[in-house]
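Have a look at the structure below before the remarks.
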Amino acid sequence: MLKEKINNFYRKKEKSRQRSYFYASEVSDCKRKIYFKVKGAEKKDLDPETNRKFERGNLIHQELTSALYSTGVVTASEIDMPKGSIFRGRADAIVSIGDENYVVEIKSASPYTFKTLNGPRESWKKQIQIYLHHFDIDSGIILVECKGTQRLKEFIVERDDAAIEKLEEEFEELMEMIKNDKVPKKPNKKKWKFDKCKYCLYEKACREAENSLKNFTGA
Ligand code: SF4
């Protein structure tokens, strides 16, 4: 009875919208998926459980940001990246400790992931590198809270301009493909730690693109 009502409340439809930039948070996604996202292709609705997980993550962000404010180290929070980049995004906070400024990125993780986390995920590192570069700050802190135990871990990330240059080149190429309606090839799934296709909201667009390519080439 209640379960259905709550699930219906969380079964939100999100409209697809075409855009001309990438979000810093999506840079480690499947490139083909990013293509469909930026193109505003039709996507599946997010299921209620995933929506609730996102809301939990948002609450953790709010709580930790507010705690950081109370410690007096925050100089700014929820700061939009300066315009003019191919990437957009919002850093969770900039803190000042001693004479150094740090970009802070807050993450939450399941108890299993948290337990096995000995360093920041590659996707988190790429995201914070974009902020470090564009805010011109040398170091960042990735702060992770376990969703089950509320324990915290933190990882320092140093700015790596060469990594950013590579990332920008990669995404400029992707933007050219988007402008020229050239769908990226299906990625080599063997390189993935898990099957991202299982959770992909653009699976239909991906399948249709593959079919039309097969029809076109007669494969
Ligand atoms: S279904 Fe898989 S390959 Fe296709 S866009 Fe989604 S994640 Fe990428």
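Brief remarks follow.
- Residue check for ILE156: loosely packed, with under 12 Cβ neighbours inside 10 Å and not basic (Lys, Arg): yes
- Residue satisfying all of: in the range 27-53; under 21 Å from GLU122 (Cβ atoms) and either among the hydrophobic types (A, V, I, L, M, F, W, C) or touching a Lys or Arg at 6+ places or on another chain (Cβ under 7 Å) (or both); farthest from the ligand (Cβ to nearest atom) among these: VAL27
- Test: residue in the range 161-169 that is buried (at least 19 other Cβ atoms within 10 Å of the Cβ), away from the ligand (no atom under 16 Å from the Cβ) and either at negative phi or not aliphatic (A, V, I, L, M) (or both): yes
- Cβ-Cβ under 6 Å pairs, at least 6 apart or on other chains, the range 198-209 side part of a helix (DSSP H, G or I), far side more than 7 Å from the ligand (Cβ to nearest atom): ALA205/ALA41; ALA209/VAL183
- Of all residues in the range 170-188, none satisfies being part of a helix (DSSP H, G or I), under 29 Å from THR116 (Cα atoms), of a type outside the set (D, E, K, R) and within 16 Å of the ligand (Cβ to nearest atom).
- Selection status of LYS198, surrounded by fewer than 17 Cβ atoms within 10 Å (Cβ to Cβ) and either of a type in the set (Asp, Glu) or more than 9 Å from the ligand (Cβ to nearest atom) (or both): no
- Residues that are touching a strand residue (DSSP E or B) at 6+ places or on another chain (Cβ under 8 Å), assigned to a helix (DSSP H, G or I) and not polar (S, T, N, Q) within the range 127-139 comprise ILE128, ILE130, TYR131, LEU132, HIS134, PHE135, listed in sequence order.
- Number of positions in the range 117-126 that are part of a helix (DSSP H, G or I) and of a type outside the set (Lys, Arg): 3
- Of all residue pairs spaced 6 or more apart or on separate chains, those with beta-carbon atoms under 6 Å, a first member in the range 75-101 that is within 10 Å of HIS134 (Cα to Cα) and a second member that is in a strand (DSSP E or B) and among the hydrophobic types (A, V, I, L, M, F, W, C) are PHE87/PHE22.
Just so you know, all these numbers are worked out from the coordinates, no wet-lab data involved. These figures come from a predicted structure and were not determined experimentally. Don't worry about glycine lacking a Cβ; one is built from the backbone with ideal geometry, like all the others, and counts go over all protein chains shown.
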